[in-house]
Amino acid sequence: EDQVTQSPEALRLQEGESSSLNCSYTVSGLRGLFWYRQDPGKGPEFLFTLYSAGEEKEKERLKATLTKKESFLHITAPKPEDSATYLCAVQGGANSKLTFGKGITLSVRP
Amino acid sequence: DVKVTQSSRYLVKRTGEKVFLECVQDMDHENMFWYRQDPGLGLRLIYFSYDVKMKEKGDIPEGYSVSREKKERFSLILESASTNQTSMYLCASSLSGGASGYTFGSGTRLTVV
């Protein structure tokens, strides 16, 4: 059974204080690892897909990296508008279903 | 811009009512999913469908059913709403194989009183 564990559950940062969110996973045959951003009361919004260990992707202040056991979402010099819940999900084998972690709630104080 | 549209953002229903939540996607995706999301429990899969007229149970199907008569539309039905079904309901769709990930709707906040 595929499993995803995200840590910490919640993270509070000062504006400009860089940090990383962790996503540890176990999956049989990784087809893709996905990061989503979710604002309160809204549906998750796609950020990145990573397919193989060593891959990195960037978007503005966010950078996602992948190893064989975990993924990190690095946030550089965050701003208050980066406050949201960040979800990680994996897809294994030929199964189309994603397995989601419980998310990390990020708060960035001005 | 590709979209998954859920018919209602907020819904209040009474215990025992039959409730229909509608989801429509305009991306010609084969796969569609219904989740509920609760604090501390994350996203939990209720039902999914890989094709028209097909449906499969997810992790928490009890008290729910689904209908997929057309490729673009996937409906979630609460046969007899109960207070423990108060939740945020999220619909998602993906291409066959799903390697491109899911596209989610904006969610329906359902309150059962």
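Only the coordinates and a few stated rules stand behind these numbers; no lab work does. For clarity, every value in this text was computed on a predicted model and none was experimentally measured. Counting neighbours? That spans all protein chains shown, and the Cβs are built from the backbone with ideal geometry, glycine included.
Within the range A:68-105, which trypsin sites (Lys or Arg not before Pro) sit in a loop by DSSP and count at most 11 neighbouring Cβ atoms inside 10 Å? Don't jump to the answer; show the numbers that get you there.
Working: sites: A:Lys68, A:Lys69, A:Lys97, A:Lys102; in loops: A:Lys68, A:Lys69, A:Lys97, A:Lys102.
Loop-located and lightly packed - A:Lys68, A:Lys69.
So, counting K/R as plus one and D/E as minus one, what does the shell of residues with Cβ under 14 Å around A:Glu60 add up to? Value of the local net charge: +2.
The reciprocal of the average 1/r between distinct C-alpha atoms defines the Kirkwood hydrodynamic radius, which for chain B equals 13.9 Å. Note on the protein assembly as shown: Cα-Cα pairs beyond 22 Å make up 51% of the total pair count. Only one residue of A:Ser71, A:Asn22, A:Thr99 has its Cα farthest out toward the positive end of the dipole of chain A, where Lys and Arg carry +1 and Asp and Glu -1 on Cβ, and that residue is A:Thr99. Springs between Cα atoms under 10 Å define the GNM used for chain B, and in it the highest mean-square fluctuation of B:Leu41, B:Leu78, B:Leu90 occurs at B:Leu41.
With charges set only on the Cβ (+1 for Lys and Arg, -1 for Asp and Glu), what does the dipole of the protein assembly as shown come to about its Cα centre, in debye to the nearest 20?
Values: 29 positive and 28 negative charges, 72 e Å.
Around 340 debye, computed over the protein assembly as shown.
With an a/c value of 1.5 or above and a/b larger than b/c for the gyration tensor axes a ≥ b ≥ c computed over the alpha-carbon atoms, chain A is described as prolate. A simple charge model with +1 on the Cβ of Lys and Arg, -1 on the Cβ of Asp and Glu and nothing else charged puts the dipole of the range A:30-110 at about 200 debye relative to its Cα centre.
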